[in-house]
1. In segment 301-311, which residues are open to solvent by 50 Å² or more (accessible area, probe 1.4 Å) and either under 15 Å from VAL357 (Cβ atoms) or hydrophobic (A, V, I, L, M, F, W, C) (or both)?
2. In segment 565-583, how many are buried (at least 16 other Cβ atoms within 10 Å of the Cβ) and of a type in the set (Gly, Ala, Ser)?
3. Just the residues that are in contact with an Asp or Glu (Cβ under 7 Å, 6 or more places away or on another chain) and within 11 Å of GLY536 (Cα to Cα), please, taken from segment 594-626.
4. For residues in segment 541-555 being modelled with pLDDT of 85 or more and within 27 Å of GLY470 (Cβ to Cβ), which is surrounded by the fewest Cβ atoms within 10 Å (Cβ to Cβ)?
5. Tell me which residues, restricted to segment 504-540, are buried (at least 24 other Cβ atoms within 10 Å of the Cβ), of a type in the set (S, T, N, Q) and within 26 Å of GLU624 (Cα to Cα).
6. Only strands (runs of 3 or more DSSP E) wholly contained in segment 316-406 count here; list those with 3 or more residues that are under 24 Å from ILE86 (Cα atoms) and either open to solvent by 20 Å² or more (accessible area, probe 1.4 Å) or modelled with pLDDT of 95 or more (or both).
7. Among the residues of segment 176-201, how many are open to solvent by 10 Å² or more (accessible area, probe 1.4 Å) and of a type in the set (A, V, I, L, M)?
8. Looking only at segment 290-299, count every residue that is modelled with pLDDT under 95 and either in a helix (DSSP H, G or I) or farther than 20 Å from LYS270 by Cα (or both) and tell me the total.
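The values are calculated or read from the model by the stated rules, or taken from the named source; none is laboratory data. Note that the structure is a prediction, hence the values are computed from the model and not measured. Note: ideal-geometry Cβ built from the backbone for every residue, glycine included; neighbour counts use all protein chains shown. The protein model used for the area step is the full one, side chains on, heavy atoms only, and it has no ligands, DNA or RNA in it. Shrake-Rupley method; radii C 1.70, N 1.55, O 1.52, S 1.80 Å.
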Amino acid sequence: MKLLLLLVCGVFLFNTVHAEQIPVESFAKPNEYYDMVLSPTGKYLAVSRAADEGKSLVAILDTKELKLISHVPATSKNSPILPLWINDERFIVRFTEESSLYEQEFLTGEITSVNANGKRDKRIVQRQIFVSNAPIKRLNGLHGNASVVHVLPKQKNHMMIRFIAFGRTKDRNILPELYRINITNGKVKLIAKAPSHLADFILSESGEPLFSIGHDKKALKVENELVVHEYKDKKWHQLSVGGLEAGSFSVVANTKNPDEVVVSASFNDKADRLYRYNLRTGKRKLIFAHPDVNYRDLDIDPVTNRLLAVHFDAGHPDIHLIEPDHPKARWYPSLFSFFEGRKVKITSATSDYSQLVVHVTGADEPGQFHLFNTKTKKMRYLFNAASWIKSEELAKTEPYTFQSRDDLKIHGYLTKPKNTKGPHPMVVLPHGGPRFRDWWEYDSEVQFLASRGYAVLQVNFRGSYGYGYGFQSAGDRKWGAEIQYDIIDATKWAAQKPDIDGDKICIVGASFGGYSALMSPILEPDLYKCAVGVVGVYDLNLMWTTADIGDRRHGRNYLQEAIGKDKAELDNFSPVKRVSELKAPVLLVHGKRDGRVDVKHYYKMKKALEEKNHPHEGWLVRKEGHSFGSEKNRAEYFRKVEAFLGKYISPVEIVFEGVMLEGGEG
């Protein structure tokens, strides 16, 4: 008799994602709250929040009870944003309009003033009017584009604005005007007219004009030297200071010294630095510099226009205090400690700094708004930007750096699924631009993919903004080469980690990221198992003839820098010309109304894939542009991406369990 031992292998499939997934709609839904601004005494809170059909509105709440007092609604085309209190009972709002082609909002230049109770609203600056070679007729107020340069706290019903009337003169010389405007009746008084092209006004703490900085009238080019004028006896007098080159130099704030300003400048291709600059002597003193990154945000006092703190992000968010004893800035160390591991920004304060609005964000936190009482040291929770998202359910994102194949330091972020064991399949998510960058902040697509069991790799490749001009320009005319090598090298770096499955990697991207999603798999065909290109650039030649960016001189200058006009090079860097080198199955997604990357890119890429019988899928979204304006369409996009990824790198663990069956003698 033989003793028979039979090993029966049972195959069990376990999805690494927990059964109770966050609904896809939660990631597709836009944030509910954007901004909150206290009135000078703290009596009211102006809240920017979402409205219907992708619009926004401004609501005025009683701060104690958070009860609605009034609101400024959206119109059929415009949304009110950026509320600013001029006194405790009256505020102003600016307006944005959404482009039907680009799905992007832009400021219209309009300003409306309103009482806190919603009454006596008045449009004190009318919307832009474009007139060619003709004077502007100012009907019922100012027509053009205005920005607030001083709130004049000692003149309760007035503010100072920098105003540009729209209309083209023969010499194309645009001289902004400085007005004092009554926010109650809209009456204006011209204080000064700028002496130089597109000049900025430097005002005293009381709102009087001191200096202007603008372009040389004779040159009128982007790369010309800037000129400084002093305002004295109601006239402008040019000062003999030099070394101010437009493009690398910009005024960002005032200082305690009325002769000095804070300027942002870039020298020797390094990251942007901040200096105190003396407008009389031309001498500068460094006040902030980071070896790797530009600053991200500046905390500026709304009344004095002085710089209080610098926010920067080399990996996790950090802060550098310029005026550490200021009654607002002094609280930052305690707040960063209290909200450990988060980005903290004081977005608003009462005039006596007794109450502060604190905005808290993070890679796993869409945003919280709190009210901090500096006298009692008590923190009061106000609102969550996206209350349907629970921070504790989101994945953690960690920064990383590595050296590229040509020894360039590359930064990025790696997000791993929460509460699951690796090795994880990975999605590489290159950003758009390319003169953009990823930050340590909440990204709905990153968190959606992580919630479905995928690790997500973000790469700030050369050409990205935020690491200095040298790093940014290193991507010029390198779209199909070194930029992609950075993405590929980052992918290989991450694939070596024990909790990443190097055999299950796909790449997903939009705009320039969509270009990279096709180009990287062409250069490294065996590395990626699938690719998703969203509103991607697939034929670089088309950028010169179909994109909106080519309609303007500035845009054409950018294209010349970024991709050039060499047809052989453009063809070599175009995915549509190199489909035969592609192995990864492709999903193409495009908005039919896209004005930034014309839908011709989609059609040409799809046709090239069809001609080579390359496996692919396509989704042409008829009522969308360069991004998803519709919440419904964005949710459908997530579903399509999830289904497509699941075909090739599904996050499933295969577990083999052995069962011993014993037989008898026979």
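1. Correct list: PRO302, VAL303.
2. Adding up the residues that qualify gives 1.
3. ARG596, HIS601, HIS626
4. Checked segment 541-555; the qualifying residue surrounded by the fewest Cβ atoms within 10 Å (Cβ to Cβ) is TRP544.
5. Across segment 504-540, the qualifying residue is only SER516.
6. Fully inside segment 316-406 and qualifying: 343-349, 355-362, 365-373.
7. 4
8. Of the residues in that region, 0 qualify.
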